[in-house]
Every structure is written in structure tokens, then in C-alpha cells.
Amino acid sequence: MKRLEKELEEKIKARVVELLKKGRPNWDLPHTLATVYWMKKLIEVEGGDEKILVSTMYLHDIGYSGLFGKVAGYDDVNSAWEKHQEIGALKAREILADLPFSSEEVEEIVHLVGVHDKIDLLKTKNEIMVMEADTLGQLDRERVVSTFSMEDRERFLDYVESKRVPRFQTKTGKNFLKEFIEKEKEVLG
């Protein structure tokens, strides 16, 4: 497992924070920080390349920067999923260009940013772990407050249960996901 040096992590975070502040208000930055937290938790138990996976989580939603000028509803976000991955992959490549990553590491991170919401296509351990950390970071109400209406939260939870839950592979991710879904259902009634 390659570790992500603290100094390098801080450089990535600093570059990403400015982009995330131009994304979905009150969502992109706290959500991204939550996904980083969850990726570190997954790696701690399940293993994985911290340099690639944590860097990916910082970068995974930078493609939303500038796409919305207001709080985005479920339909807005859903219609932008493909575009934010394409834009995010391009921006990720730019950010990584002058940082100490090998060309193989850059290609893997850019790939992961570019496919992280293509749920039905995810196959590799890294792809699945990114999806798991992303999902946990969407449902973790201690770290992120949903900006969706209650109706959109229900629609999103239905999507998570039908599309994302079946794709979870790590025991750690499954355990936390189950807990978060139960809490979200309590809130939704």
C-alpha cells in the first residue's frame, strides 16, 4: 500500500477546495471531505493504495464546479452525472500534472474520477471502493447535511438501494451503509 504523504494531501486539498466552493452550495466541500474520511476508514480495514484512492476522493466531484448556481435538486444532479465526471477527469489531470504522481498513478486517478458514478460499469477493487466511499459520504449525516428536499432524499435513497447497495463489496462499507440507510429511513419516516 502506498501512503499519501501529508504534505501532498494538503496540496491536493488546497487546490480542490477552491473548485468545490464554486460547486453545489453547502454540499460539494463537506461531501468531499466526508468521502475522504470514509476512504481512509475503508483502506484502514480493507487495504488499498492510499495515494491513489484518497487523492481520487478529493478530486471526484470537482467537475460540478460551476455547473449549478443554486442548490441543485435530484433531477439537476442526475442530469449532470455524466458531464461532471468528464469535466472532473480533465480538471483532475490538470491538478495532478505538477504534483509528484507517476503517469500510471495519474491515469488511474483520472480514470476513477471519470467513472465513479457509472455504477453498472464498476468492476475493479479501486472503482468499487471509490463508489463505496462516495455513497457513504452522501449518507453520513454527521459530516454532511443533505441539501435535497425530503422528496428528493426519498428518490435518492431509492436509487441508492436499487443501484448502489447491490454493488457494495467490502464488509466495512456494507456495515456502515446499512446503518446510514436505517438512519435515513427514520428521518424520512
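Only the coordinates and a few stated rules stand behind these numbers; no lab work does. Keep in mind that what you see is a predicted model, and the values were worked out from it rather than measured. Heads up, the Cβs are rebuilt from the backbone with ideal geometry, glycines too, and the neighbour counts pull from every protein chain shown.
Observations on the structure shown:
- Here the alpha carbons of segment 6-188 define both size measures, Rg and Dmax, at 15.2, 46 Å.
- FRET E, pair LYS178, ASP76, Förster distance 25 Å, beta-carbon r, rounded to 0.05: 0.30
- As a proxy for reagent exposure, VAL54, VAL17, VAL187 were ordered by neighbouring Cβ count within 10 angstrom, fewest first; the result is VAL187, VAL17, VAL54.
- Think of the chain as a dipole: +1 on every Lys or Arg Cβ, -1 on every Asp or Glu Cβ, centred on the Cα centre; then among PHE148, ALA92, TYR159, PHE148 lies furthest on the positive end.
- Each residue, ASN26 and ALA14, gets one label point 7 Å from its Cα in the Cβ direction; the gap between the two is 3.0 nm.
- Computed from point charges on the beta carbon alone (+1 for Lys and Arg, -1 for Asp and Glu), the dipole magnitude for the chain about its Cα centre is near 200 Debye.
- Length released on extending from GLN169 to ARG3, taking residue separation times 0.36 nm less the Cα-Cα span: 57.5 nm
- The value of relative contact order for the chain, using C-alpha pairs under 8 Å at least six residues apart, is 25 percent.
- Residue-normalised convex hull volume from the C-alpha trace of segment 37-102: 113 Å³ per residue.
- For TYR159 and ARG93, a Förster radius of 30 Å and the Cβ-Cβ distance give a FRET efficiency of 0.55, rounded to the nearest 0.05.
- Value of relative contact order over segment 54-136, rounded to a whole percent, pairs C-alpha under 8 Å and six or more apart: 35
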